[in-house]
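The values are calculated or read from the model by the stated rules, or taken from the named source; none is laboratory data. Predicted, not measured: the structure shown is a model, and the values here were computed from it. Virtual Cβ from ideal backbone geometry, glycine too; neighbours counted across all protein chains shown. SASA here: full protein model, heavy atoms, side chains in, ligands and nucleic acids out. Shrake-Rupley method; radii C 1.70, N 1.55, O 1.52, S 1.80 Å.
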Amino acid sequence: GQHSDVLETLSPNVRKRVEVLREMQIEHDEMEAKFFEERAALEAKYQKLYEPLYTKRFEIVNGVVEVGGVTSEATMDHEDKETEEKGVPNFWVTAMKTNEVLSEEVSERDEEALKYLKDIKWCRIDNPKGFKLEFFFDTNPFFKNTVLTKTYHMIDDDDPILEKAIGTEIEWYPGKCLTQKILKKKPKKGSKNAKPITKTEDCESFFNFFNPPQVPEDDNDIDEDTAEELQNQMEQDYDIGSTIRDKIIPHGVSWFTGEANEGDGDEDLESDEDEVGDEHEDA
């Protein structure tokens, strides 16, 4: 291919040196492959070590266990008992709203539903490569699901790139769907139909996250502008997912208090292992 054309333009001595450099590159790449393998094993090891801490966090946030130094109900008067809050109310929705990426996704209408969010977890998946986010909800008046999931499938090339994302279909209760709004229009004067005309319209909501942009099976179905728009949507979708995975889940309380926002610069703890590729730009 192209490299042989480049080599043809070099003098014999320079070409020999480049060939040696290429052999060194192969050695480097073999080492790098081992590094990725060991890093994956190390990450898996520490994910297991984090688990007990995440479980304890879940129990405290949701009032399953109490921490030392909290006034017991036995010593509280009746009025205090009535106003006593269990756990840490609005923990996850507050953490999400503090983050710059997620705050743009959470509308005022979403907040009431997100108050029922009890926990967020993530795990790696191997076949196909990628990761899955799980959102655990308490019984709520908005939808029937107790768990909403979002799965990212990555193309496992030298640089992992996003192939597609899959979300849970939300079973909304009648009139409670947050991703759509009902518009009512008054009938025109003199119209035979006196009833207002109702129209459903899609609207911005965090819960659109579970209905991600889909790539057509046949790339010929979309033109260049549509492909670019789809690429941008996928990048934004992946940005939200990786923000939840790399920032909100491991550092939940720091986002809840706002401390994480103060130190959240370019040198943050974000993982750069997975990237959204641009293979759809030329579709």
Confirm whether residue 1 is more than 23 Å from the chain's Cα centre (by Cα), open to solvent by less than 60 Å² (accessible area, probe 1.4 Å) and at pLDDT below 95.
no
Can you say whether residue 130 is part of a strand (DSSP E or B), at pLDDT below 95 and open to solvent by less than 90 Å² (accessible area, probe 1.4 Å), as far as the supplied structure shows?
yes
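Report, by residue number, each residue of the range 227-253 that is part of a helix (DSSP H, G or I) and free of Cβ contacts under 8 Å to residues at least 24 places away in the same chain.
Here is the first cut: in the range 227-253, the residues part of a helix (DSSP H, G or I) are 227-248, 252-253.
Listed by number, the residues that qualify are 229, 232, 233, 236.
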Residue 159 modelled with pLDDT under 95 and surrounded by fewer than 18 Cβ atoms within 10 Å (Cβ to Cβ)
yes
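So, in the range 33-59, of the ones that are of a type in the set (Lys, Arg) and closer than 17 Å to residue 92 by Cβ, which residue ends up least open to solvent (accessible area, probe 1.4 Å)?
57
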Suppose the filter is out of contact with any Gly (no Cβ under 9 Å at 6 or more places or on another chain) and either surrounded by 11 or more Cβ atoms within 10 Å (Cβ to Cβ) or modelled with pLDDT under 80 (or both); does residue 145 pass it?
yes
Only one of (1) modelled with pLDDT of 95 or more; (2) open to solvent by 80 Å² or more (accessible area, probe 1.4 Å); (3) touching a helix residue (DSSP H, G or I) at 6+ places or on another chain (Cβ under 6 Å); (4) not hydrophobic (A, V, I, L, M, F, W, C) is not met by residue 15, so which one is it?
(1)
Residue list for the range 195-213, filter: modelled with pLDDT of 85 or more and among the charged types (D, E, K, R)
201, 202, 204
Filtering the range 113-127 for residues that are outside any strand (DSSP E or B) and in contact with a helix residue (DSSP H, G or I) (Cβ under 7 Å, 6 or more places away or on another chain) leaves a count of 2
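Going through the range 96-115 one residue at a time, which ones are of a type in the set (Asp, Glu) and either farther than 16 Å from residue 148 by Cα or without any contact (Cβ under 8 Å) to a residue 40 or more places away in the chain (or both)?
As a first pass, look at the range 96-115 and keep what is of a type in the set (Asp, Glu): 100, 104-105, 108, 110-112.
Once the filter is applied, which keeps residues that are of a type in the set (Asp, Glu) and either farther than 16 Å from residue 148 by Cα or without any contact (Cβ under 8 Å) to a residue 40 or more places away in the chain (or both), the range 96-115 yields 100, 104, 105, 108, 111, 112.
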If you go through the range 204-226, how many residues are surrounded by 15 or more Cβ atoms within 10 Å (Cβ to Cβ) and part of a helix (DSSP H, G or I)?
5
